[in-house]
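The values are calculated or read from the model by the stated rules, or taken from the named source; none is laboratory data. Computed from a predicted model, the values in this text were never measured in an experiment. With ideal geometry, Cβ positions are generated from the backbone for all residues, glycine too; neighbour counts draw on all protein chains shown.
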Amino acid sequence: MRYTSRLAVPVPAADLFRWHERPGAFQRLTPPWQPVSLTSHEGIRDGDRAVIRLGTRLVGLDWVAEHGGYDDACLRGDGACQFEDTQLSGPFGAWHHRHSMRPTAEGSILEDDITYELPLAPLSGVAAGVGEAQIERMFAYRHRITHEDLRRHAEAGAKPMTVAITGSSGLIGRALTAFLQGGGHTVVRLVRRREDAASRGPQDEAAYWNVEAGEIDADALARLAPDAVVPLAGEPVTSLDGSAEARRRIWESRTKGTQLLSRALAALPSPPRVLVSASASGIYGDRGDEVLTEASPPGEGFLAEVCQAWEASTAEAEAAGIRVVHTRIGLVATPAGGFLQMLLPITTLGLGGWPGAGAGYMPWIALDDVLYAIHHAILDDELAGPVNLSAPAPATSKAFVKTLASVQNRPAVLRVPEGLLRLVGGELVRKEALKSVRMRPAALLDRGFRFATPDLRLALAHLTGHLDSHTL
């Protein structure tokens, strides 16, 4: 069987080829609805191998591929570039994928040519249609990511930077690391174990810190000299069960860590240009239909208090002349984790429902737009202070669930009573489920930021693999 696709990309073939060579490309190209992880990757030159885990560590299958056909002619201005990968073992009866990048007057063309056999090829007529449909879904996703990531990097025109990140193993941190590495930037992961604080390869450095012990390797930070720092670490809010211990962990993991980092950065001989510090939409509390911009005052409640203290924890960095941006991140939409990961199986079964009347606004934002907004905040010297990270058009919980179900061609007619929410998760879960935060990203829009997926239906179709075509 054979599958081919072509994508016009608005960058030179050499840039397209280099992007595929860099360590972040595989993760950026992996659809978030697929349970896939990269176990090892040596590169894309002849003889290099990649081991990809399909499923979990306990239940799954290793897909082993070997690269060949490496040709970097486009780097020398001498035609097209290409590389190939061939399955050595894995889920297919056979698999061979040729990636080629050739220059055009407008940029370049990416061509993918795949020949494959399903495990029971002679008997798999029906399965063949399913297999082709899955490949089509995957490439619709890959094409949007390839086009958008490369366009963003090209438009930014930024020289290679060094960016330090805390929480690099988290949902946003992993994706941000891959996106930045794809743009040619070096990422410094702040890690909690000293034995992990060593270079992991090109564009992948590490430095030690320990929030509970109040320790950070200032010498390593001085040596690595980050241009920007993005603290994302924090105890998951989902662990908030109403206990004093959970509240303490959530509070201290954000405030103590950010304060420790800010103090260390302020004392560096060459401090970073910018600190893009995470905050959250929770700072606004439950505000009904009120449109909330960065100029709106904080709300009430524990999470609002946490966010205010979190943002105040950057004071020492700001006093040292470091530009500080507080990204008030909304509900991050991705099947790879968070609330959308929990909703998807339910709506897939046709059991999608909304809490209460479904009138509460959800400040949703696609994960890719979180990455692009943080990238924008790093590079825009005029952007400082609070910055709302949410899509321009927030949706009510009822509208969100109905749209998600519609994208999957499933019904959504259920209403989850408030009493049931309280019974299942307690009063705290009931309050959070019914909360309304109608957030508007005024600062980003005023600075000319363009969202990749501002429309809810487009975002959910892209994230779940239900685009009608290779929509860019």
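The criterion of at least 3 residues that are outside the structural domain of THR186 (by TED's automatic domain parsing) and of a type in the set (Asp, Glu) is met, among strands (runs of 3 or more DSSP E) falling completely within segment 1-116, by 60-72. Of all the residues in segment 35-64, those that are surrounded by 17 or more Cβ atoms within 10 Å (Cβ to Cβ) and more than 18 Å from GLY24 (Cβ to Cβ) number 1.
Restricting the first member to segment 28-50 and to residues that are over 19 Å from GLY183 (Cα atoms), and the second to residues that are of a type in the set (Val, Ile, Thr) and not in a strand (DSSP E or B), the beta-carbon pairs closer than 7 Å and six or more apart or on different chains are TRP33/THR464; PRO35/THR56; VAL36/THR30. In segment 435-451, the qualifying residues are those that are out of contact with any helix residue (DSSP H, G or I) (no Cβ under 7 Å at 6 or more places or on another chain) and within 18 Å of ASP289 (Cβ to Cβ), and the one that is modelled with the lowest pLDDT is LYS435. The lone criterion from (1) among the charged types (D, E, K, R); (2) under 24 Å from the mean Cα position of the chain (by Cα); (3) surrounded by fewer than 23 Cβ atoms within 10 Å (Cβ to Cβ) left unmet by ARG328 is number (3).
Taken over segment 32-52, the residue count meeting the criterion of being charged (D, E, K, R) and touching an Asp or Glu at 6+ places or on another chain (Cβ under 6 Å) is 3. In the set (1) surrounded by fewer than 20 Cβ atoms within 10 Å (Cβ to Cβ); (2) in contact with a helix residue (DSSP H, G or I) (Cβ under 8 Å, 6 or more places away or on another chain), the condition left unmet by ALA206 is number (1). Here ILE165, ILE145 are screened, and the one residue that is modelled with pLDDT of 95 or more, within 19 Å of ALA206 (Cβ to Cβ) and in contact with a helix residue (DSSP H, G or I) (Cβ under 8 Å, 6 or more places away or on another chain) is ILE165. Picking from residues in segment 253-301 that are surrounded by fewer than 17 Cβ atoms within 10 Å (Cβ to Cβ) and outside any loop (DSSP other than H, G, I, E, B), the one that is modelled with the highest pLDDT is VAL291. Residues being assigned by TED's automatic domain parsing to the domain that holds ARG323, surrounded by fewer than 20 Cβ atoms within 10 Å (Cβ to Cβ), without any contact (Cβ under 8 Å) to a residue 40 or more places away in the chain and part of a loop (DSSP other than H, G, I, E, B) are represented in segment 237-244 by at least one member.
In segment 190-203, what count of residues is obtained for those that are within 20 Å of GLU42 (Cα to Cα) and either buried (at least 19 other Cβ atoms within 10 Å of the Cβ) or among the aliphatic types (A, V, I, L, M) (or both)? Final tally of qualifying residues: 2. Sub-6 Å Cβ pairs linking a first residue in segment 209-223 that is among the charged types (D, E, K, R) to a second residue that is surrounded by 12 or more Cβ atoms within 10 Å (Cβ to Cβ) and at pLDDT 95 or above, at least 6 apart or interchain, are ASP217/ALA207; ASP217/TYR208, ordered by first then second residue. The numbered conditions (1) loosely packed, with under 15 Cβ neighbours inside 10 Å; (2) basic (Lys, Arg); (3) in a loop (DSSP other than H, G, I, E, B) are all true for ARG223 except (3).
Applying the criterion of being in a loop (DSSP other than H, G, I, E, B) and touching an Asp or Glu at 6+ places or on another chain (Cβ under 9 Å) to the residues of segment 204-220, the residue that is nearest to ALA280 (Cα to Cα) is VAL211.
Here's the yes/no breakdown for (1) closer than 24 Å to LEU434 by Cβ; (2) of a type outside the set (A, V, I, L, M, F, W, C); (3) touching a Leu at 6+ places or on another chain (Cβ under 7 Å):
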| site | (1), (2), (3) |
| --- | --- |
| ILE283 | yes, no, no |
| GLY288 | yes, yes, no |
| LEU292 | yes, no, no |
| GLU316 | no, yes, no |
| GLY321 | no, yes, no |
| THR334 | yes, yes, yes |
| ALA357 | yes, no, no |
| ALA366 | yes, no, yes |
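So, in segment 167-182, of the ones that are in contact (Cβ under 8 Å) with a residue 60 or more places away in the chain and assigned to a loop (DSSP other than H, G, I, E, B), which residue ends up farthest from PRO226 (Cα to Cα)? Going through the qualifying residues, I end up with GLY170.
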